[in-house]
Ligand code: BG6
Ligand code: MG
């Protein structure tokens, strides 16, 4: 039996994946680097520094730690500025309904997000209080695809890993949840999420009964 659902945030409950993409695109543009939607898709779920490293590798750019920090900080400023516009209206269709349906089923619900900005995003969406636990980018050392973040969330809920379901839009997030021994639900195209146990095109289409 399943006891808990751990939700990824960016790209699952709200479309901040688009804001992350725009932040990196603006930085890349200023630096004269190549950056496109295909690369942005691969960066879903990937931590801030790991994302920068992949963009640099793609462009054959090397730099010292100080310079990398400045670039990462700059992208984060663009992202945080964009969050000013975020409100409860930006919850994806069916997202809050799904969280509430899980709770009605007696399932514990948590957030497992790579983002260090997750608390701010939850706050702006007005859903912080819905979750019994929030594991974000500050919670663990090793980012997705390592299982650590989801194991941290399960631990906070006091639920065994094999009794947790993870809802993810990122390939790296499904990898992390599989590594944690959890049931995985992918939200998005099969090319990206074909390795998840269950897959739906959108959050609104997630069939909780089928998963349980
Ligand atoms: C993930 C996003 O949720 O968080 C990634 O999918 C992002 O695109 C990562 O890079 C880290 O976010 P932040 O807010 O800590 O830079
Ligand atoms: Mg995501």
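Any read-out appearing in this document is the output of simple, stated calculations on the displayed coordinates, not a laboratory observation. Just so you know, these numbers come straight off a predicted model, no measurement behind them. No Cβ is skipped: glycine too gets one built from the backbone with ideal geometry, and neighbour counts run over all protein chains shown.
Some values worked out for this structure:
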item	result
Residue 59 versus residue 104: modelled label distance in nm, points set 7 Å from Cα along the beta carbon direction	4.8
Normalised per residue, the volume of the convex hull around the Cα set of the range 102-212 (Å³)	101
Förster radius 35 Å - calculated FRET efficiency between residue 2 and residue 191 (Cβ-Cβ, nearest 0.05)	0.85
Spin-label model distance (nm) - residue 210 vs residue 74, 7 Å beyond Cα toward Cβ	4.5
Global form of the range 60-164, assessed from the alpha-carbon gyration tensor, a/c cut-off 1.5	oblate
Calculated FRET efficiency for the pair residue 81/residue 132, C-beta based, R₀ 35 Å, to 0.05	0.70
Relative contact order, percent, the range 92-206 [alpha-carbon distance under 8 Å, six or more residues apart]	21
Percentage relative contact order, the range 120-169, counting C-alpha pairs under 8 Å, at least six apart	25
Using a Förster distance of 35 Å, the FRET efficiency for residue 142-residue 29 (Cβ separation, nearest 0.05)	0.70
Between 0 and 90°, nearest 10: helix 65-83 axis offset from the chain longest Cα axis	60
Highest-fluctuation residue, 190, 176, 38 considered, GNM on the chain with Cα pairs under 10 Å	38
Sequence-separation-based contact order of the chain, relative, with Cα cut under 8 Å and 6+ spacing, percent	27
Descending Cα extents along the principal axes, the range 117-163, whole Å	30, 21, 12
The chain: translational diffusion in µm²/s, Stokes-Einstein, Kirkwood Rh over Cα pairs, 37 °C, 0.692 mPa s	190
Largest-first ellipsoid semi-axes for the range 84-131, taking √(5λ) over the Cα gyration tensor eigenvalues, angstrom	20, 13, 8
